Amino acid sequence: MVVRAFTVLAAVLGLFGTAFAQPRSAEPSLILFENVRVFDGKSGSLSANTNVLIRGNTIEKISKDPIPVNLSASDKRIVGGGRTLMPGLIDMHWHAMMVRPTLPALLTGDIGHLNLMAGAEATDTLMRGFTTVRDVGGPVFGLKRAIDEGIVTGPRIYPSGAVITVTSGHGDFRQPFEVPRALGATQSRGEQLGAAMIADSPDEVRVRVREQLMLGATQIKLTAGGGVASPHSPLDASTFTEAELRAAVEAAENWGTYVTVHAYTSVSIQRAIAAGVKCIEHGHLMDQRTAELMAEKGIWLSTQAFPDELANAFPPGSLESIKARVVFAGTDRTFELAKKHKIKTAFGTDILFSPQLAQRHGTLLAKLVRWYTPAEALVMATGTNAELLGLSGERNPYPGKLGVVEEGALADLLLVDGDPTANITLIEDPAKNFVVIVKDGKVYKNTL
């Protein structure tokens, strides 16, 4: 009886073992692009007619010759017909939570509603051909996770988490009745949302930086000078001291990543560089000496060709609207200085509180032809931007090569109906001209 009991128990355990055994991993899916001309994100010209094989989420082979491969029913063969295959676009200055709501709605609205709006905007962002964004301020950790888990469709997100500012700095949206701030008191609405954190000493800065890193930040964002949207922050103001900025840099570098700062003026930029900051956001009011310093030190410039209508996000005649136009007036000189001194320059848009402008995402990239050739602008928005993403080091949530079409790179790809290196306006109408969109080896759009 004892032997029989053990035999039955073994059989039962065997059944349970079978039931709970891990399924055998399926073979990675394949996508074969045939007869495409490749813009690789590095050079200014297209390849001859080429074939590209994707296995899983990686580009496995690029060949002018036919690629022999057995495709299953679940695999995809896409006949390009001579169209352009290029890397997915990258926006290096994005605020996923701040595109659709108005500023008052952001500060007073229900967080669940704000997240749902951001999720819908993330889907639209990907459908505009932007497969990656660097989010430089806002509570996007949950959105990023939802996208990565396949719950929401959207781009890859490199999150900064909350922007870190000072009392009265850019990002401090408190009302007069909320000051003075008492340490340990209830946080402001912006802090509760995780949109902006206030820090007024090197020690406070270290705490706030480490909190964002703990939550999953890939880089850290501080506001080193005054801003447009913040009501108590004059453009000419320099906010963090060098010691405070250095504390942020030290904490970030201890985690193997870097600090980028919002800064328009020369004083703010030079102080940030002295503290070890690696990237400047905006820079629209800098002078030539500052541009020379950036070039000499190898500092990145992440700047934007702001459209005048972005000022319409603020009430006519308001201080914010006036500050916006002061900044916008510096755009041309900023790009001229960047080109003259060969500053490492990244493309981003900084679209805020304007879902209408977001629909013109590609148009803002096409505006760069005022200073660059179409090919140069596209290289900036793909391969060059990916180089800046690489500063995140081990904090990079997407190990692999982005922004290029080459063997071994991650498969974030657009198939464009035409040649955008000759006619960059094609990217202004992604619904029509981006006939295939692939992110991480998955086809999200195919109209062929």
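The values are calculated or read from the model by the stated rules, or taken from the named source; none is laboratory data. What you see is a predicted model, and the numbers here were worked out from it, not measured in a lab. Methodologically, a virtual Cβ is constructed for each residue, glycine included, from the backbone with ideal geometry; neighbour enumeration extends over all protein chains shown.
Numerical summary
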| quantity | calculated |
| --- | --- |
| Unique residue being modelled with pLDDT of 95 or more and farther than 27 Å from Val443 by Cβ when the list is Val404, Val369 | Val369 |
| Breaking point among (1) loosely packed, with under 10 Cβ neighbours inside 10 Å; (2) modelled with pLDDT under 95; (3) in a loop (DSSP other than H, G, I, E, B); (4) not small (Gly, Ala, Ser), for Val3 | (3) |
| Exclusive hit being free of Cβ contacts under 8 Å to residues at least 40 places away in the same chain, assigned to a helix (DSSP H, G or I), acidic (Asp, Glu) and over 25 Å from Asp429 (Cα atoms), set Glu336, Glu292 | Glu336 |
| Any strands (runs of 3 or more DSSP E) falling wholly within region 29-131 and containing at least 3 residues that are over 25 Å from the mean Cα position of the chain (by Cα) | 30-38, 50-55, 58-63, 76-79 |
| Cβ pairs under 7 Å, 6+ apart, first in region 221-240 and under 14 Å from Ser318 (Cβ atoms) and part of a loop (DSSP other than H, G, I, E, B), second basic (Lys, Arg) and at pLDDT 95 or above | none |
| Every pair of residues 6+ apart whose Cβ atoms lie under 9 Å, when the first sits in region 49-78 and is under 18 Å from Ala409 (Cβ atoms) while the second is among the aromatic types (Phe, Trp, Tyr) and surrounded by fewer than 14 Cβ atoms within 10 Å (Cβ to Cβ) | none |
| Failed criterion for His170 (all others in (1) in a loop (DSSP other than H, G, I, E, B); (2) crowded, with 24+ Cβ neighbours inside 10 Å; (3) in contact with a Pro (Cβ under 8 Å, 6 or more places away or on another chain) hold) | (3) |
| Check on Asp332, surrounded by fewer than 16 Cβ atoms within 10 Å (Cβ to Cβ), among the acidic types (Asp, Glu) and out of contact with any Asp or Glu (no Cβ under 7 Å at 6 or more places or on another chain) | yes |
| Residues of region 363-395 satisfying the condition of being buried (at least 17 other Cβ atoms within 10 Å of the Cβ), in contact with a Gly (Cβ under 6 Å, 6 or more places away or on another chain) and of a type in the set (Gly, Ala, Ser) | Ala375, Gly383, Ala386 |
| Within region 296-310, tally of residues that are in contact with a helix residue (DSSP H, G or I) (Cβ under 9 Å, 6 or more places away or on another chain), assigned to a helix (DSSP H, G or I) and within 19 Å of Val277 (Cα to Cα) | 1 |
| Options Leu13, Leu46, Leu30: the member that is modelled with pLDDT under 50 and among the aliphatic types (A, V, I, L, M) | Leu13 |
| Failed item, numbered, when Asp308 is tested on (1) within 24 Å of the chain's Cα centre (by Cα); (2) modelled with pLDDT of 95 or more | (2) |
| Per-region count, region 404-436, residues assigned to a helix (DSSP H, G or I) and either of a type in the set (Gly, Ala, Ser) or within 19 Å of Ser63 (Cα to Cα) (or both) | 1 |
